[in-house]
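Take a look at the structure set out below.
Coordinate-derived values only; no laboratory data. Predicted model only: the values in this text are computed from it and were never measured. A quick note on method: Cβ atoms are made from the backbone with ideal geometry, for glycine too, and the neighbour counts reach across all protein chains shown.
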Amino acid sequence: MMLYAIIGEDRPDSLADRLAARPAHLERLQALQDEGRLLVAGPFPAIDSPDPGPAGFSGSLIIAEFASLEAARNWADADPYVAAGVYAAVVVKPFKKVLPA
């Protein structure tokens, strides 16, 4: 098992679709957490605020453990945000955690 970073870039004006798909998106992340495979997950606010309101979000970052790059890509491709058209693009990269140790 290895860590992978999944970076989703939101398409413009996707906030309503993001909010509608959020419960299903969080359910999948919760499953990773329950399996002890989730390092971190969260959105990028579109403005310099923890609650960006109508400005929404510019994307998301998930760092989690998968058996392979292919497995991480398959998981990312099945994300409800992908199905809802929230993400304009998704990048999946191997990730090596150095700190905190």
Calculated on alpha-carbon atoms, Rg and Dmax of region 61-101 in Å | 11.8, 37
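Express the Stokes-Einstein translational diffusion coefficient of the chain in µm² s⁻¹, to the nearest whole number, given a Kirkwood radius over alpha-carbon pairs, 20 °C and a viscosity of 1.002 mPa s.
Reported coefficient: 154 µm²/s.
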May I ask you to compute the full-extension gain from Phe95 to Leu38, defined as 0.36 nm times their residue separation minus their alpha-carbon distance, rounded to one decimal in nm?
-> 19.3 nm
How big is the charge dipole of the chain about its Cα centre, in debye rounded to the nearest 20, if each Lys and Arg gets +1 on its Cβ and each Asp and Glu gets -1 on its Cβ?
-> 280 debye
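How high is the relative contact order of the chain? Use alpha-carbon pairs under 8 Å, at least six apart in sequence, and give a whole percent.
Working: 169 pairs, mean separation 49.0, N = 101.
For the chain, the relative contact order is 49 percent.
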